[in-house]
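Asker: Below are the structure tokens for one structure; questions will follow.
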Amino acid sequence: MKLSVKTQDITNVKCDVLIVNLFDGVKTPGGATGVVDKALGGAIAKVIKNKEFTGKKGTTAVVDGTGKIGAGRVVIVGLGKQEEFDLDCVRLATAKSLCKARAMKAKSVVTIMHGAGTGGLYPADTAAAIAEGALLGLYKFDKYVSKKKDDEAEKINELYICEIDKGKTAAIRKGLKLGQELAESANMARDLINEPPNVLNAAGLARHARKLGKRKNLSVRIYNKKEIRAMKMEAFLGVNKGSRNDPFFITIEYKGAPKVKKTMGIVGKGITFDSGGLSLKPSSAMDTMKSDMSGAAAVLGTMDAISRIAPKVNVTGVIATTDNMPGGGAQCIGDIVRASNGKTIEIKNTDAEGRLILADALAWSAKKELNPIIDLATLTGACVVALGTYRTGLFSNDDKLVEKIKNAGAKTGEKYWRLPIDPEYFDAVKTDIADMKNVGDRNAGATTAALFLKEFIGKDTQWAHLDIAGTAFLEKPQGYYIKGGTGVGVRTLATLAMDMF
Ligand code: BES
Ligand code: ZN
Ligand code: ZN
């Protein structure tokens with residue numbers, strides 16, 4: 001889809017669908033919506049008066065252009081309550097109105113800048129949110145559907161922002177470009193998450209990473225099983241023992257500030273299918289476990305975005321990937337493995353495999369002195385119980401890093417909630433016969449998992465762990481996301497990287 005800006009009178013602009021808006025409860029449309037309403041002889045005001053449309057957040061109504069304006073039809077989208085308006089409302093309004101336009105078989109769509117008058121938002125930010133809302137909202141994963149419901153007949157080719165003020169067009173163009181880059185990278189992560197596990201195993205992820213390595217500014221290294229053995233990553237290898245598929249360890253380097261030593265590390269859990277291993281999951285819990293590589297997908301998506309945006313910072317992406325299967329060679333309950341940093345782990349539940357592969361990935365990152373290190377993992381059901389699907393669990397040893405992540409999240413509409421890592425909680429993963437065990441008791445499961453990970457970072461590493469178990473994959477649509485992978489983390493971490501130094 002082509003995204004651009006037009007400086008034209010809104011009533012003349014030619015398109016299949018024109019998108020205007022209304023705040024909740026507003027009776028007389030103002031701003032650009034008011035101008036269009038006037039040109040249409042009060043058609044929008046009439047829909048409001050008839051209570052067919054109230055401006056409720058995310059709802060839409062359609063009126064015909066009747067030849068009185070350049071647009072064939074007009075979609076009015078509700079922005080919700082004016083006092084609650086923010087960039088994420090712009091994303092939602094854009095997503096909802098464009099889905100409506102797509103269903104109306106529109107090819108060319110023009111939108112106004114939502115909230116430009118009263119919203120108090122910067123034009124570049126609004127434009128970025130419009131691009132994100134459009135691309136994230138229209139996303140579909142239908143490559144395996146033989147008879148597609150929406151063939152070429154339901155595909156929007158171009159979206160223009162109509163803004164009469166020429167002083168804003170440069171900012172709008174810049175915003176559109178950034179929003180498009182962020183959203184396309186998130187959608188790339190979503191594609192990976194949505195791929196079935198028979199198509200995308202560890203080798204599949206590695207292949208994808210290798211493809212990214214063709215970019216001029218990314219260098220990718222892929223370590224095979226033999227090399228992983230040589231690196232003594234026994235915790236990681238233990239998880240792979242029950243599988244017929246080889247594991248891979250992947251690193252992706254971006255050096256936008258070659259003279260600076262400081263390099264941020266982003267580390268992803270890449271379990272391409274989590275059966276639980278010998279601690280086999282019940283079938284219902286396995287249902288969504290192809291998404292257990294969402295952390296790895298987020299790392300690939302973030303590196304993709306960073307490579308395109310090209311900020312002057314250094315970032316290394318790190319992925320440990322395998323499936324977790326209960327084959328004949330599977331690791332046993334009671335096994336003790338030694339991670340690459342020398343620490344020993346007693347395996348008490350093979351379904352707590354994420355922390356095992358991350359142990360070695362974090363130890364590698366610490367050894368390379370990556371700092372800060374941010375890991376993303378669909379790590380615990382406990383985090384889903386605590387926070388549901390709206391907020392990602394955030395654990396960190398550094399208040400400043402927490403603020404930065406929260407701020408980046410507020411910009412992108414990806415929400416985080418900090419949970420504790422007080423050292424007392426570590427008692428739950430103590431054992432007499434190794435340095436730690438890989439599960440705690442029923443209490444504070446997301447926290448004990450985080451504290452386990454903390455054992456593998458450096459003494460001085462600023463570290464954050466994002467438990468995306470609830471936010472990475474949706475079983476029903478939510479906001480501008482359809483069912484399936486969300487790509488959570490990509491837009492936040494790419495945004496964070498842009499103002500790292
Ligand atoms: N991949 C799961 C966590 C998960 C659960 C992700 C639900 C997404 C949705 C992880 O490997 C796991 O199985 N964790 C166990 C840990 C337990 C055995 C300590 C869990 O949370 O039940
Ligand atoms: Zn598991
Ligand atoms: Zn898992």
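Asker: Give me the lysines in straight-line cross-link reach of Lys430: C-alpha distance below 30 Å, same-chain residues under 8 apart excluded.
Answerer: Straight-distance partners of Lys430: Lys225, Lys232, Lys241, Lys269, Lys281, Lys343, Lys348, Lys367, Lys368, Lys400, Lys454, Lys459.
Asker: Put a dot 7 Å past each Cα toward the Cβ at Thr54 and Tyr390; how far apart are the dots in nm?
Answerer: Distance between the two pseudo-spin positions: 2.0 nm.
Asker: Expressed as an acute angle from 0 to 90° and rounded to the nearest 10, what is the orientation of the C-alpha long axis of helix 445-454 relative to the principal long axis of the chain?
Answerer: The angle comes out at about 70 degrees.
Asker: Restricting to lysines 8 or more places apart or on different chains, can you count the pairs in the range 127-210 with Cα atoms under 20 Å from each other?
Answerer: Close lysine pairs under the 20 Å cut-off: 8.
Asker: Just need the Rg to Rh number for the range 229-386, please, alpha carbons only, Kirkwood Rh. Intermediate results must be reported in sequence, preceding the final value.
Answerer: On the way: Rg = 16.1 Å, Rh = 16.1 Å.
Rounded to two decimals, Rg over Rh is 1.00.
Asker: Considering only DSSP states other than H, G, I, E and B, which GluC sites (Glu not before Pro) in the range 423-487 qualify as loop sites with at most 16 other Cβ atoms within 10 Å?
Answerer: Glu475
Asker: Run the accessible area of the range 2-165 with a 1.4 Å probe and give the carbon-and-sulfur part as a rounded percent.
Answerer: Its accessible area is 50 percent carbon and sulfur atoms.
Asker: Turning to a different aspect of this structure: In µm²/s, what is D for the chain at 25 °C and 0.890 mPa s, where D = kT/(6 pi eta Rh) by Stokes-Einstein and Rh is the Kirkwood radius from Cα pairs?
Answerer: Details: Rh = 23.7 Å.
Estimated diffusion coefficient is 104 µm²/s.
Asker: Let me ask something else about it. Per the helix-only calculation at 222 nm, which mean residue ellipticity applies to the chain, given -39500 (n - 2.57) for every DSSP H run of n ≥ 4 and division by its residues, nearest 500 deg cm²/dmol?
Answerer: Result for the chain, helices only: -10500 deg cm²/dmol.
Asker: When you count, for each residue, the other Cβ atoms within 10 Å and take the mean per peptide, how do 6-17, 128-139 rank with the highest first?
Answerer: Final packing ranking: 128-139, 6-17.
Asker: Rg(Cα) of the range 360-501 divided by 2.2 N^0.38 Å?
Answerer: Numbers: Rg = 15.3 Å, N = 142, 2.2 N^0.38 = 14.5 Å.
With N residues counted in the range 360-501, Rg over 2.2 N^0.38 Å equals 1.06.
Asker: Here is a follow-up. With every protein chain left in place and a probe of 1.4 Å, what is the accessible surface of Phe273, to the nearest 10 Å²?
Answerer: It works out to around 50 Å².
Asker: Hey, another quick one. Put +1 on the Cβ of every Lys and Arg and -1 on every Asp and Glu Cβ in the chain; which of Leu121, Thr316, Pro420 then has its Cα farthest towards the positive end of the dipole?
Answerer: Among Leu121, Thr316, Pro420, the one farthest towards the positive end of the dipole of the chain is Leu121.
Asker: Working from Cα positions, state the angle (0 to 90°, nearest 10) between the long axis of helix 123-137 and the longest principal axis of the chain.
Answerer: 70 degrees
Asker: For Phe23, list long-range residues whose amide hydrogen, built 1.01 Å from N in the peptide plane, is under 5 Å from its own amide hydrogen.
Answerer: Leu79
Asker: Under a Cβ-only charge scheme (Lys and Arg +1, Asp and Glu -1), can you give me the dipole magnitude of the chain about the Cα centre, in debye to the nearest 20?
Answerer: Working: 74 positive and 55 negative charges, 328 e Å.
Roughly 1580 debye, rounded to the nearest 20.
Asker: Also: Could you calculate the contour length gain from Lys430 to Met104, that is, 0.36 nm times the residue separation minus the distance between their Cα atoms, to one decimal place in nm?
Answerer: 111.4 nm
Asker: Using all Cα-Cα distances in the range 2-165, what percent lands in each 5 angstrom bin from 0 up to the longest?
Answerer: Reading upward from the zero bin: 2, 10, 20, 23, 22, 14, 6, 3, 1, 0.
Asker: May I ask you to compute the full-extension gain from Lys226 to Ile164, defined as 0.36 nm times their residue separation minus their alpha-carbon distance, rounded to one decimal in nm? Provide the component values of the computation, followed by the final result.
Answerer: Values: separation 62, 0.36 × 62 = 22.32 nm, distance 6.13 nm.
Result: 16.2 nm gained on full extension.
Asker: Same structure, new question: Going highest first, how would you order 187-195, 276-284 by mean Cβ packing within 10 Å?
Answerer: Ranked by mean Cβ neighbours within 10 Å, highest first: 187-195, 276-284.
Asker: Please work out the average accessible area per residue across the chain, using the 1.4 Å probe convention, and give it in Å².
Answerer: Values: 21350 Å² over 501 residues.
Each residue of the chain exposes 43 Å² on average to a 1.4 Å probe.
Asker: Moving on. Based on the mean of other beta carbon atoms within 10 Å per residue, what is the order of 68-81, 29-42, most packed first?
Answerer: Details: 68-81: 21.9, 29-42: 19.0.
Ranked by mean Cβ neighbours within 10 Å, highest first: 68-81, 29-42.
Asker: Still on this structure, I have one more. Express the relative contact order of the chain as a whole percentage, based on alpha carbon pairs under 8 Å and six or more residues apart in sequence.
Answerer: Details: 1188 pairs, mean separation 72.0, N = 501.
Value for the chain: 14 percent.
Asker: Hey, any idea what % of the range 185-499's accessible area is carbon plus sulfur with a 1.4 Å probe?
Answerer: 50 percent
Asker: Now a separate question. Where does the range 124-240 land on the Kirkwood hydrodynamic radius, alpha-carbon pairs, in angstrom? Write down the numbers at each step before the final one.
Answerer: Working: mean 1/r = 0.0559 Å⁻¹.
This gives a value of 17.9 Å.
Asker: Moving to a separate point now. If you take the beta carbon distance between Ala410 and Lys38 as r and set R0 to 22 Å, what does 1/(1 + (r/R0)^6) give as a FRET efficiency, to the nearest 0.05?
Answerer: That pair, Ala410 with Lys38, gives E of 0.05.
Asker: Continuing with the same structure: Kindly express, to the nearest 10 degrees and within the range 0 to 90, the angle between helix 399-412's C-alpha long axis and the longest C-alpha principal axis of the chain.
Answerer: The answer is roughly 40 degrees.
The values are calculated or read from the model by the stated rules, or taken from the named source; none is laboratory data. Remember, it's a predicted structure, so these values are computed and weren't measured experimentally. Here Cβ is always computed from backbone atoms with ideal geometry, including for glycine, and neighbour counts include all displayed protein chains. Heads up: the accessible areas ignore ligands, DNA and RNA and are worked out on the full protein's heavy atoms, side chains in. Shrake-Rupley method; radii C 1.70, N 1.55, O 1.52, S 1.80 Å.
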